[in-house]
Amino acid sequence: MAKKRRLENIHALLFVVINTLIYGLGFTLSEFVGSPVGGLNDIAILCFQWSAITVATFGLIYLLSLNRYIFAITFPLLTTLCTVLTYFRYTANVTLTPMLIDLALINDARTNMQVISPQLVAIIILTLILSVAIVCYRWRRISFPNVWLHALLAIGIVYTTNYKIQALSRPLSERMPHSLFYNLRRYMDERAVATAARDTFTVTSIANSDSLTVVFIVGESLRSDHLQINGYHRSTTPNLACEKNVVSLPNIHTVPCFTHVSVPHIFTRADSLTPQRAFNEQSFVTIFKQAGFRTSWLANQESVETYVYFMNECDTLIYANSGKSMYVFDEWLDEALLPDYSNELKNDNSKQLIILHTIGSHWWYNSHYTKEFEHYTPTIASRVISSNSKESMINSYDNTILYTDFFIKNVIDSLRDRKAILFYLSDHGECLGEDGYFTHGIDRPQLHNPAAFVWYSDSYAAEYADNINTLKSNSLKRYHSDYLFHSIIDAADISSPYMQAEYSIFK
Ligand SMILES: [Zn+2]
């Protein structure tokens, strides 16, 4: 009797192991293929990561297998969804993000049908047949003696891998099959934030100009001291250097130094005394809307719960590269924003606010510029930061700036013939090997001085000569990133009780 139970246990665990391997090799592996690696050491690190995620998958499949009814429903569903994601990962190099879920739900059925090819349908049918066969096998042949003991063990594995090991939770949440659950949860959390009522600006603001285009480029990880226009020894901004109507602001200080905190800080009235305003108030977008501006947000970055409200505050929200995340390593370029940007400029409203949220100089630098901008070499070769030399990190980083300079030139070119003003402000800086630190995971001094500048067209300068003169005389002053909220309202010639003149770079 005891021997029979032991055999049943072994049989059941073997069943779970085989299914885990199907998931690990069939699905999870697709998210590691194409990762840049520098050598055997990096491959070993990736193998370790894959194994850790596969252990977590084992816990999940183990838990689902314990009850045959639960297994019969969840296994075919989970397997089919993972198959669809794997198909798009291999064919289009996209991964699941809350934005992709949003698009799938907003799009009409016909648009969604357009991405479904005959091959995909065939693969889905095959997956369903296979998973139903596995379900039948589980139904008839597998039993778990001492099921509560198994349940305890399975929950222990799921809990430990998902919640107890900090280093694993982020990579786990971005990889199949777990990414399905985590992205759906992120999507629902973001919807809740985006649709919550915020009623900050009860007194209406008024525009004094009847035609004006205001563009705000939200930069990413661009530090002030690596711009040629701020005296950097390399020619990283050749186009900006030729612009006569650019005023750089090299001494901007940002207190928050991570994207998810600094972006909401920049968009709201939040300051060091009232930082909570970043998370419970509306942004300057609402003030522009009240003043009759058409507002649009063009995103080349993932939506995040802390600023998804502002994205949805705009009249239009458009995603470029909606299927990219920090775990995809192929091209992820800001020029993907340009076609939608041109379209927005064609809008009939003579007053426009366009926000371009760029990927700029974010880590895995090589994804964010094309071959043509690979000016400084050697560049990074491995996604494992410690496997790259400091020199190659700086080279790749500087190449992203060259590309950003090209991108900004394109944005400016469309504005020259208009009455227009453009703000650029990066959300924070970047560490490039100072004291051994890289990127922006830990608060370091190099993160607090982001790149910032203002560009204006000739007709803007003609009408607002006083503004420009004051801007030039203020340009070297030290401002907190709080200046943006007040200065952009001021520059748009909007009379608002919420604009505090002492923060404006035009006063
Ligand atoms: Zn950032």
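The values are calculated or read from the model by the stated rules, or taken from the named source; none is laboratory data. What you are looking at is a predicted structure, and each value in this text was computed from that prediction instead of being measured. For neighbour counting, all protein chains shown are included, and Cβ atoms are generated from backbone atoms with ideal geometry for every residue, glycine included. Protein only, heavy atoms only, side chains kept; ligands, DNA and RNA dropped before computing areas. Shrake-Rupley method; radii C 1.70, N 1.55, O 1.52, S 1.80 Å.
Restricted to Cα positions, what overall size does the chain have along the principal axes? Three whole-Å values, descending.
Rounded to whole Å, the extents work out to 93, 49, 47 Å.
About the Cα centre of the stretch 182-244, what is the dipole size in debye to 20, counting +1 per Lys and Arg Cβ and -1 per Asp and Glu Cβ, all else neutral? Working shown, then result.
Working: 7 positive and 7 negative charges, 46 e Å.
In debye, rounded to 20, the stretch 182-244 gives about 220.
Any idea how far the Cα center of the stretch 467-507 sits from the one of the stretch 182-231, in Å?
What the calculation gives is 17 Å, centre to centre.
Please give me the summed charge of the neighbours of F258: other residues whose Cβ is under 13 Å from its Cβ, Lys and Arg +1, Asp and Glu -1.
It works out to a net charge of -3.
List the pair-distance distribution P(r) of the stretch 206-503, using every Cα-Cα distance, as the percent of pairs falling in each 10 Å bin from 0 up to the bin containing the longest distance, rounded to whole percents.
In whole percents, the pair-distance histogram is 6, 30, 38, 21, 5, 0.
Run the accessible area of the stretch 206-503 with a 1.4 Å probe and give the carbon-and-sulfur part as a rounded percent.
Of all accessible area on the stretch 206-503, carbon and sulfur atoms account for 49 percent.
Membrane-span-like helices in the chain: DSSP H runs reaching 30 Å or more (Cα, own axis), mean Kyte hydropathy at least 1.0?
On the way: long enough: 2-26 (36 Å, 0.56); 40-65 (36 Å, 1.48); 68-92 (35 Å, 0.97); 118-141 (34 Å, 1.42); 390-413 (35 Å, -0.18).
Result, helices passing both filters: 40-65, 118-141.
For H448, what residues show an amide H to amide H distance below 5 Å, using hydrogens built from the backbone and excluding near sequence neighbours?
Sorted by chain and number, the residues that satisfy this are G429.
For the stretch 368-379, just list the computed ³J(HN,Hα) in residue order, Karplus coefficients 6.51, -1.76 and 1.60, θ = phi - 60°, integers in Hz, with x standing in for Gly and Pro.
9, 8, 8, 3, 4, 9, 7, 8, 9, 10, x, 9
Amide H to amide H under 5 Å from E174: which residues, 5+ apart in sequence or cross-chain, H placed 1.01 Å off N in plane?
Correct list: empty.
Which number do you get for Rg(Cα) / (2.2 N^0.38 Å) in the stretch 360-426?
Details: Rg = 14.5 Å, N = 67, 2.2 N^0.38 = 10.9 Å.
Its radius of gyration relative to the 2.2 N^0.38 Å reference: 1.34.
Which three extents, in whole angstrom, do the alpha-carbon atoms of the stretch 287-381 cover along their principal axes, largest first?
Extents along the principal axes: 50, 29, 19 Å.
Tell me, what is the percent relative contact order of the chain, built from C-alpha pairs under 8 Å that lie six or more residues apart?
20
Taking Cα centroids, how far is the stretch 363-413 from the stretch 319-343 in Å?
What the calculation gives is 16 Å, centre to centre.
Going by a ≥ b ≥ c, the root eigenvalues of the Cα gyration tensor, does the stretch 270-324 fall in the rounded group (a/c under 1.5), the prolate group (a/b larger than b/c) or the oblate group?
The shape class here is oblate.
Using a 1.4 angstrom probe on the protein heavy atoms only, could you order H362, H357, H233, H260 from most to least accessible area? Before the final figure, lay out the partial values.
Values: H362 25, H357 0, H233 150, H260 90 Å².
Order by accessible area, largest first: H233, H260, H362, H357.
K289: which lysines have alpha carbons under 17 Å from its alpha carbon, excluding same-chain residues fewer than 8 sequence positions away?
Correct list for K289: K351.
Computed over the Cα atoms, what is the radius of gyration of the stretch 31-180 divided by 2.2 N^0.38 Å, N being its residue count? If you can, show how the numbers build up before the last one.
On the way: Rg = 17.6 Å, N = 150, 2.2 N^0.38 = 14.8 Å.
That works out to 1.19 for the stretch 31-180.
How much accessible area per residue does the chain have, counting only protein heavy atoms and a probe of 1.4 Å, in square angstrom?
43
To the nearest 20 debye, what charge dipole does the stretch 206-503 have about its Cα centre, counting +1 at the Cβ of each Lys and Arg and -1 at the Cβ of each Asp and Glu?
Details: 21 positive and 36 negative charges, 55 e Å.
Result for the stretch 206-503 is approximately 260 debye, rounded to the nearest 20.
In terms of modelled amide H atoms, which long-range or inter-chain residues lie less than 5 Å from the amide H of L432?
none
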